[in-house]
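These notes concern the structure reproduced below.
Taken together, the values in this text are just the output of simple stated rules run on the coordinates, not laboratory data. Keep in mind that this is a model prediction, so the values were computed, not measured. Heads up, the Cβs are rebuilt from the backbone with ideal geometry, glycines too, and the neighbour counts pull from every protein chain shown.
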Amino acid sequence: MGDVLQTWTSAQVRAAEEPLLAAGVPLMERAAFALHVHVVAALRELRGAVAGARVVVLVGSGNNGGDALYAGALLARRGVDVRAVLTGARVHEGGLAALLRAGGRVLHLEDAPAAASGADVLLDGVLGIGTDGSGLRGAAGALVEEIVARGRPYVVAVDVPSGLGVDDGRREGVVLDADLTVTFGAAKPGLLLPPGGRAAGRVVLVDLGLELPGAPDMVRLEPSDVADLWPVPAPDAHKYTRGVLGVVAGSRAYQGAAVLTTGAAVRAGVGMVRYLGDAGDAVVAAHPEVVVGHGRVQAWVFGPGVSPDDAGQRRRIEYAFEHVLERGEAAVVDAGALELLPPHVGPHAVLTPHAGELARVLSQRGEDVDRRAVEAEPLRWARRAHELTGATVLLKGPVTVVAGAQGAVYAQADAPPWLATAGAGDVLAGLLGALLAGRVDDVHDDPSLAAALAATAALVHGRAAHRATPGGPVSAREVADALPGTIAEMLDA
């Protein structure tokens, strides 16, 4: 795929570094040089010049601190006033010696907050990739809290923001939020995953020449990847080869959910939409292309705007589940249908809950978990839901997390905060249903593809919101209306 961003765990990165270190490859020097280049670029952007700038370096005991010290030495040689704060019991001796030779200075811990508040850049080299998300502790934690209270300057994190859960984005204690994270060898999952991923700011990857394992731990798709995943019709295509999507959504009380779901599927380019439910008149009035009633279906969307207590819609959803289980038809399981989920389905069924709904799905299967726990560790619980149900799980949120077959994991951060609005989930469900209908045979051949399609839907959904009203409020209907142009632009990229 195109510009896909892949991540590897801290253990995978360490294992890839070992043969290079054994061969004497100067990884720390490479990392430090690249780090200082990015700090120089930040200084030029912030103040127009490098010489005369002030950089405070927070230095931990490990190699992360060594990277920061060597980078500080290179900055000092370019006329930057570099002051290092030693936060740990140990220090990288070679890095410290290089900094002092270049004219850098070491500050007492008690002088650090005032120095940091007057700095142009604060270089965070306290903790590296060995952290678990429990946060900064002791003197380092107290120091960072005081720096933040005074008003932190522009922060550049060395590899990862200190205190962040490197492999899962967990954030339970003091974390020094960064404006820029310069990460080495490979991106780490915690830089992209919620809730802590927001601490990373802009992420820049420095290639150290590592031979990484074939399968990344997590992936983030970019717009240029859409063309490889979208079901573009062949010259001889007809509506049945392009996919027929059945939709069980809405009710007399919530007709809008049915209108939005079917409308999004139509605009996403599915061959045909069949609607089953009590809002048929409203659906056809809005979208005359939609066919009301039973017939041939290759994939389903059920649940948007549906109460599980609605006897008529409950029967229709149970009917749809029978086809998913017996015939292997693909499905998007959303909102009210989540409570009707059978004990086990398969990865061709994609659950699309928010955190509260996922907590209920997990609780029904014996897990003692609530919404806050899911929000604190979304990847953990999305994976657990996949294990318990067999389904692909798309967990909605500021960062959408997808967990599927064969260990497939995606994290998409494409949506503006304005997209947190009524009906947006209905549009996403219809969009994803269209994707599944168009590639249902491929999903059966490769079950992990369902996760990639779910991530693609999240990407297109978010970009359509940006396209609809850049930088401002957006309605679900506007997002649906923006789908054709958004998709066309990505296919042409």
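Please list the three semi-axes, largest first and in whole Å, of the ellipsoid equivalent to region 416-477, using sqrt of 5 times the eigenvalues of its alpha carbon gyration tensor.
Details: eigenvalues 137, 21, 13 Å².
Over the Cα atoms of region 416-477, the semi-axes work out to 26, 10, 8 Å.
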Q) If you place +1 on the Cβ of every Lys and Arg and -1 on the Cβ of every Asp and Glu, how big does the dipole about the Cα centre of the chain come out, in debye to the nearest 20? A) 840
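When a/c is below 1.5 the answer is rounded, else prolate if a/b is larger than b/c, else oblate, so apply that to region 282-437 with a ≥ b ≥ c taken from the square roots of the Cα gyration tensor eigenvalues. Walk me through the intermediate numbers first.
Numbers: a/c = 1.63, a/b = 1.33, b/c = 1.23.
Prolate, because a/c is 1.5 or more and a/b exceeds b/c.
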Q) Distance in nm between label sites at GLU478 and ALA89, each 7 Å beyond Cα in the beta-carbon direction? A) 5.7
Q: Pick out, from GLY173, GLY104, GLY52, the residue whose Cα sits farthest towards the positive end of the charge dipole of the chain, with +1 on the Cβ of Lys and Arg and -1 on the Cβ of Asp and Glu.
A: GLY52
Q | Cut-off 19 Å (backbone N to label point 7 Å along Cα→Cβ of ARG105), residues of region 19-61 | A | 51-59
Q. Which angle from 0 to 90°, rounded to the nearest 10, does the C-alpha axis of helix 63-76 make with the longest principal axis of the chain?
A. 60
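Checking the a/c ratio against 1.5 first, then a/b against b/c, what shape does the Cα gyration tensor give for region 359-493?
Numbers: a/c = 2.29, a/b = 1.34, b/c = 1.71.
Judged from the Cα gyration tensor, region 359-493 comes out oblate (a/c at least 1.5, b/c at or above a/b).
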Q: Can you tell me the FRET efficiency between SER448 and ALA41 if r is taken as the Cβ-Cβ distance and R0 is 35 Å, rounded to the nearest 0.05?
A: 0.40
Q: For the chain, find the longest principal axis of its Cα atoms and tell me its angle to the long axis of helix 424-438, 0 to 90°, nearest 10.
A: 70
Q: Rounded to the nearest 10 degrees, what's the angle between the helix 10-22 long axis and the longest principal axis of the chain, both from Cα atoms, 0 to 90?
A: 40
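If each DSSP helix of 4+ residues adds -39,500 (n - 2.57) and the sum is divided by the residues in the chain, what number results at 222 nm, nearest 500 deg cm²/dmol?
Values: 17 runs with 200 residues, N = 493.
The per-residue figure over the chain is -12500 deg cm²/dmol.
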Q: Can you grab the distance from the C-alpha centre of region 250-292 to the C-alpha centre of region 332-386, Å, no decimals?
A: 26
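First check a/c for region 220-364, with a ≥ b ≥ c the square roots of the eigenvalues of its C-alpha gyration tensor; if it is under 1.5, answer rounded, and if not, answer prolate when a/b is larger than b/c or oblate otherwise. Write out the running numbers ahead of the final one.
Numbers: a/c = 1.58, a/b = 1.18, b/c = 1.33.
Oblate, since a/c reaches 1.5 and b/c is not below a/b.
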**Q.** Proximal charge balance of TYR319 [Cβ under 15 Å; K/R count +1, D/E count -1]
**A.** 0
Q. Given ALA41, PRO470, VAL270, which one lies farthest toward the positive end of the charge dipole of the chain, if we put +1 on the Cβ of every Lys and Arg and -1 on the Cβ of every Asp and Glu?
A. ALA41
Q: Can you pull the one-decimal nm distance between simple spin-label points at VAL148 and ALA23, each 7 Å off the Cα toward Cβ?
A: 4.1
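Given charges of +1 on the Cβ of Lys and Arg and -1 on the Cβ of Asp and Glu, with all other atoms neutral, how large is the dipole of region 195-286 about its Cα centre, in debye to the nearest 20? Before the final figure, lay out the partial values.
Working: 8 positive and 9 negative charges, 94 e Å.
My answer is approximately 460 debye.
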**Q.** Positive-end residue of VAL13, GLY88, LEU453, charge dipole of the chain with Cβ unit charges
**A.** GLY88
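Placing +1 at every Lys and Arg Cβ and -1 at every Asp and Glu Cβ, with all other atoms neutral, what dipole size does region 87-225 have around its Cα centre, in debye to the nearest 20? Write out the running numbers ahead of the final one.
On the way: 12 positive and 19 negative charges, 59 e Å.
In total the dipole reaches around 280 debye.
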Q. Once all Cα-Cα distances of the chain are split into 20 Å bins that start at 0, what whole-number percent is in each one?
A. 24, 46, 25, 5
Q: Figure the gain on full extension for ALA488 and ALA114 (residue separation times 0.36 nm, minus the Cα-Cα span) and round it to one decimal in nm.
A: 129.4 nm
**Q.** Label-zone membership for region 181-200, site GLU222, 7 angstrom Cα→C-beta point, backbone N under 14 Å
**A.** 187
Q: Between GLU322 and GLU172, with labels modelled 7 Å along Cα→Cβ, what's the label distance in nm to one decimal, could you check?
A: 4.7
**Q.** Protection proxy ranking, peptides 380-390, 167-177, average beta carbon neighbours within 10 Å, highest first
**A.** 167-177, 380-390
Q: Please list 114-123, 42-51 highest first by mean number of surrounding beta-carbon atoms within 10 Å per residue.
A: 114-123, 42-51
Q. What FRET efficiency would be calculated for the residue pair ALA15, ALA420, taking the C-beta separation as r and a Förster radius of 41 Å, to the nearest 0.05?
A. 0.55
Q: For region 374-438, evaluate the Debye formula with one uniform point scatterer on each Cα (no solvent term) and list log10 I(q)/I(0) at q = 0.15, 0.20, 0.26, 0.30 Å⁻¹, rounded to two decimals.
A: -0.52, -0.89, -1.22, -1.28
